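**Student:** Got a structure here, written out as structure tokens. Questions coming.
The values are calculated or read from the model by the stated rules, or taken from the named source; none is laboratory data. Not measured: the values here are computed from a predicted model. Here the Cβ positions follow ideal geometry from the backbone for every residue, glycine too, while neighbour counts run over all protein chains shown. Note: areas computed on protein heavy atoms with side chains; ligands, DNA, RNA excluded. Shrake-Rupley method; radii C 1.70, N 1.55, O 1.52, S 1.80 Å.
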Amino acid sequence: YQRRVHGNEIPSISHLTYLRELRMDHNSLTTLDGISELHHLTVLSVRHNHLQDISDFNSNQPIRQMYLDNNEISDISKLSTLSSTLEELTMNRNSIISLSSLAQLSSLIKLDISANNINNIEEIRHLKTTTSLTHLIMKDNPLCFPKIPELITSEQDTSILAYSERIKRPLAMSSVVDPVVHQSQLRMKVLALLPHLQELDLVSSPAEERVRAMIHTKAPPAG
């Protein structure tokens with residue numbers, strides 16, 4: 001059966017051992033105490049809480065869908081214990097900087113890591129082993145934007161000026177990559193790294209585009 005909890009009604013859950021679906025969105029949770037006792041849980045939604053610690057899982061839980069959006073999570077290493085079951089994982093608007101523990105999620109199909117603190121394409125490389133992954137959302141992370149130079153002058157290209165206005169800092173034309181160009185180049189790099197993706201940032205990635213990406217970046221096909 002399923003249980004939906006909202007507001008600030010936070011009951012003890014450890015005795016609900018046969019619960020299959022648990023939704024505790026929009027509460028004030030800081031931990032998931034007792035979650036490891038739910039041995040039949042397949043769906044967990046804890047959006048819009050104050051979670052920092054998500055370590056209370058065990059490898060015997062058959063969780064297939066997990067929604068952790070809008071929390072304060074930075075460490076996701078414990079998710080590797082769900083390597084054989086987890087198919088859909090959303091974690092947008094947290095404080096995640098590393099994706100290394102996701103490399104073991106062999107059943108993962110859909111992943112949303114948008115609006116976190118991922119600032120290096122090497123973190124995306126950890127997803128190469130998750131060959132079942134077909135849908136990825138990674139927008140609004142630091143790596144999605146050109147790095148801001150210290151030198152600040154000039155006023156010409158409209159797309160750079162618009163970006164400059166949005167971040168409230170003037171930019172040097174000679175020192176910054178056009179944000180539109182940066183986004184396009186990043187997309188090519190990601191598709192070359194993860195040629196199994198069918199959709200990136202909510203935009204379809206047909207096979208022809210993925211082939212172009214691998215050629216463009218001179219990346220060998222994933223093994």
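**Student:** Could you check, for the range 2-13, whether at least one of its residues is at pLDDT below 90, part of a strand (DSSP E or B) and surrounded by 14 or more Cβ atoms within 10 Å (Cβ to Cβ)?
**Tutor:** The answer is yes, given that some residue of the range 2-13 is at pLDDT below 90, part of a strand (DSSP E or B) and surrounded by 14 or more Cβ atoms within 10 Å (Cβ to Cβ).
**Student:** Then there is this: Run L79 past the list (1) of a type outside the set (K, R); (2) part of a loop (DSSP other than H, G, I, E, B); (3) under 19 Å from N49 (Cα atoms) and report the number of the one that doesn't hold.
**Tutor:** Here L79 meets the rest and fails (2).
**Student:** Out of all the residues in the range 100-109, which are under 22 Å from R210 (Cα atoms) and in a loop (DSSP other than H, G, I, E, B)?
**Tutor:** Within the range 100-109, S106, S107, L108, I109 qualify.
**Student:** Say we look at the range 36-49 and pick out the residues that are open to solvent by 60 Å² or more (accessible area, probe 1.4 Å) and modelled with pLDDT under 95; which of these is farthest from E21 (Cα to Cα)?
**Tutor:** Within the range 36-49, the match that is farthest from E21 (Cα to Cα) is E37.
**Student:** Could you list, in sequence order, the residues of the range 110-132 that are of a type in the set (A, V, I, L, M, F, W, C), under 25 Å from H48 (Cα atoms) and either in a strand (DSSP E or B) or more than 12 Å from the chain's Cα centre (by Cα) (or both)?
**Tutor:** Once the filter is applied, which keeps residues that are of a type in the set (A, V, I, L, M, F, W, C), under 25 Å from H48 (Cα atoms) and either in a strand (DSSP E or B) or more than 12 Å from the chain's Cα centre (by Cα) (or both), the range 110-132 yields only L111.
**Student:** Now for a separate question. Please tell me if T42 is among the polar types (S, T, N, Q) and either touching a strand residue (DSSP E or B) at 6+ places or on another chain (Cβ under 9 Å) or free of Cβ contacts under 8 Å to residues at least 12 places away in the same chain (or both).
**Tutor:** Yes: the conditions hold for T42.
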